[in-house]
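The values are calculated or read from the model by the stated rules, or taken from the named source; none is laboratory data. All of these numbers come straight from a predicted model, not from anything done at the bench. Here Cβ is always computed from backbone atoms with ideal geometry, including for glycine, and neighbour counts include all displayed protein chains.
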Amino acid sequence: PIKVKVSDSPVKVLRDQDVFIPCTITGYSSAELDLGRLSVHWILGSDPVYIYERRSHIPIRTGSKLPDNSLIRGNAGLYIPQAQIRDGGEYTCTVTFDTEMSEGHSTVEVSVKPSASLVPPDVIIEEGTERGVTCRASNYYPEKIKFQWIKHLSVTQHDALCQGVSTNEPLENGDGTFTVTSQLLLKPSMGDDGGKYSCVISHRSLGDSLVLDFILSVKGK
């Protein structure tokens with residue numbers, strides 16, 4: 001019987017990169033598949049993305065490809081150029097050969113890396129006064145993101161700061177990405193002058209966390 005094999009783990013892609021969603025057909029007896037007896041339907045959620053019906057191609061997602069020379073070898077994987085946020089979700093690859101049918105499900109995760117900044121870039125605070133430092137992550141996707149503020153005690157040691165930290169709710173931008181800020185309130189003494197601090201941002205789109213460092217300057221009264 002015809003079977004399909006898809007990716008067990010999510011297919012990950014950054015926005016504007018091309019993505020290939022695997023779907024391999026097995027269980028046919030000949031060396032090559034007879035394309036006149038084959039149908040492949042790719043669906044995202046409940047929306048058709050690509051329809052292949054016995055040698056005729058209907059690409060619904062612009063630029064998507066399912067080449068004959070791949071299908072003949074049992075490769076029904078779908079190529080999507082320049083993935084966008086809307087291309088993410090659960091895909092179903094349904095293969096029909098004569099009257100036999102099999103389907104597989106794959107998840108595509110489209111991510112957008114945040115751009116990050118610290119405001120102000122130079123942190124100068126008068127002794128005994130309070131001032132905020134803002135760490136901003138802009139134009140990222142999906143919404144879930146984590147900020148951590150740390151104070152470096154030495155080259156190898158640091159403290160995670162909880163006091164004086166407030167993180168806003170993310171705001172959705174017009175293109176579906178998000179922007180969010182986290183603030184650290186500091187009320188330093190002269191002993192804090194020259195201390196190194198970092199804002200650490202963790203997100204699905206990043207291999208390693210983004211780290212933004214600043215050196216605190218404390219001025220005497």
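Criterion applied to G132, G128, G89 was being in contact (Cβ under 8 Å) with a residue 40 or more places away in the chain and closer than 30 Å to V49 by Cβ, and the one residue passing it is G89. Checking S166, S189, S205 one by one, the residue that is within 24 Å of A83 (Cβ to Cβ) and of a type in the set (S, T, Y) is S205 and no other. The set of residues from region 148-178 being assigned to a loop (DSSP other than H, G, I, E, B), within 29 Å of the chain's Cα centre (by Cα) and without any contact (Cβ under 8 Å) to a residue 12 or more places away in the chain comprises C162, E169, G174.
When region 1-44 is filtered for residues that are at pLDDT below 95, closer than 15 Å to S70 by Cβ and β-branched (V, I, T), only T26 remains. Within region 21-53, the set of residues being touching a Phe, Trp or Tyr at 6+ places or on another chain (Cβ under 6 Å) and surrounded by fewer than 13 Cβ atoms within 10 Å (Cβ to Cβ) is empty. Residue check: is T99 among the hydroxyl-bearing types (S, T, Y) and within 28 Å of the chain's Cα centre (by Cα)? Here the answer is no, as T99 does not meet what is asked.
Figure legend. Inter-residue proximity from region 108-123: first residues assigned by TED's automatic domain parsing to the domain that holds S209 and at positive phi, second residues among the acidic types (D, E) and assigned to a strand (DSSP E or B), beta-carbon distance below 6 Å, spacing 6+ or different chains. No pairs are indicated. The residue that is surrounded by the most Cβ atoms within 10 Å (Cβ to Cβ), counting only those in region 156-188 that are in contact with a helix residue (DSSP H, G or I) (Cβ under 9 Å, 6 or more places away or on another chain) and more than 18 Å from V119 (Cβ to Cβ), is T177. Scanning region 118-146 for residues that are surrounded by 18 or more Cβ atoms within 10 Å (Cβ to Cβ) and within 29 Å of G176 (Cα to Cα) returns L118, V133, C135, R136, A137, Y140, Y141, P142, I145. Counting only strands (runs of 3 or more DSSP E) that sit wholly inside region 28-147, those with at least 1 residues that are of a type in the set (F, W, Y) and out of contact with any Cys (no Cβ under 9 Å at 6 or more places or on another chain) are 47-53, 78-80, 89-97, 131-140.
Among the residues of region 102-120, those identified as of a type in the set (S, T, Y) and within 22 Å of the chain's Cα centre (by Cα) are S106, T107, S111, S115, S117. If you filter region 62-83 down to residues that are in contact (Cβ under 8 Å) with a residue 60 or more places away in the chain and touching a strand residue (DSSP E or B) at 6+ places or on another chain (Cβ under 7 Å), you find that the one that is farthest from T24 (Cα to Cα) is A83. Does region 96-113 contain at least one residue that is in contact with a Leu (Cβ under 8 Å, 6 or more places away or on another chain), farther than 30 Å from H203 by Cβ and of a type in the set (D, E, K, R)? Scanning region 96-113, I find no residue that is in contact with a Leu (Cβ under 8 Å, 6 or more places away or on another chain), farther than 30 Å from H203 by Cβ and of a type in the set (D, E, K, R), so the answer is no.
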